[in-house]
Amino acid sequence: MYRIWLLLRPDPPLPKATEPANSASVLLNAVLDLFVEKPERYSLHRVRGPDADSTNGAVLRVDSGAVEFRTLLTGKEKGYYEVELLPISRETHGNEPSPSFRGDLNWNPGEKATLPLHGIASGLYEARLYHGSTMSSTWVLLSAGTEFQSSLDAYEEFTRQTASWGDNVSPATKQAYQRAFLEYLNLHNAGSAQ
C-alpha cells in the first residue's frame with residue numbers, strides 16, 4: 001500500500017497539516033483515502049476548445065424542489081445560460097438512480113438564479129453552464145435541509161486548507177482534491193441519511 005501511495009501522490013507532496021489531529025487533518029486523510037482508491041476519478045479532464053473552462057466546485061442548496069445557481073454564475077456576464085446537471089455518483093441519498101437535468105436561466109448579476117429541479121435529488125453532479133459559444137464545468141453537491149449548512153461550512157474550510165498549500169501544489173491538483181472532498185461529503189451525507 002505504501003508503494004501505491006508513493007506512485008499516486010502529487011509531486012511535490014502535499015503540505016502537512018500544521019496542527020496534529022485537528023478536524024482539517026482528519027478530513028484531509030479521508031480525502032487522501034479516496035485518492036488512493038481512484039485518483040483518475042478526480043483529475044481534471046479538459047474540454048477541447050478555447051471557450052471551455054473548469055471552475056471551482058460548490059455546495060448548492062436544494063429548497064422546495066429548486067436550486068439557487070447564483071454561486072456558479074457570480075463573475076459571469078449577464079445573459080441567458082443553459083444549465084445541465086449530470087450525476088457523478090450512480091446513486092443519490094434515496095438510493096435511486098439519478099437522472100440528468102437541463103434548464104435555462106436569465107442571469108442578471110446581483111439577482112437570484114433559481115431553477116426548479118424536476119426529479120433531481122440531493123447528490124453529486126457535474127454542472128455545465130452554456131452561454132453562447134462558451135461552456136464551463138464544475139462539480140456541485142446538491143444538499144437539502146440541515147445537511148446543506150454543515151456541508152457548505154466543511155467545503156469552505158477545506159478550500160481554505162487547499163489554498164494554504166500555496167504555489168507548491170498546482171491549481172489542478174488543488175481542484176482535484178476539492179472534487180474528492182465533495183465526493184467525501186456526498187458519501188457522508190448519503191450514509192447519514194440511511
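Throughout, read-outs are computed from the coordinates displayed, never taken from laboratory work. This one's a predicted model, so the numbers in the text were calculated from it and none came from an experiment. A quick note on method: Cβ atoms are made from the backbone with ideal geometry, for glycine too, and the neighbour counts reach across all protein chains shown.
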- Counting other beta carbons within 10 Å of each Cβ, put S136, S151 in order, fewest first. S136, S151
- Query: Based on Cβ point charges of +1 for Lys and Arg and -1 for Asp and Glu, what charge dipole magnitude is obtained for the stretch 122-194 about its Cα centre, in debye rounded to the nearest 20?
  - Reply: 180
- trypsin sites (Lys or Arg not before Pro), restricted to the stretch 97-194: which are DSSP loop and have at most 13 other Cβ atoms within 10 Å? K112
- Item | Charge tally in the Cβ shell below 11 Å around L60, where Lys, Arg are +1 and Asp, Glu are -1, L60 excluded | 0
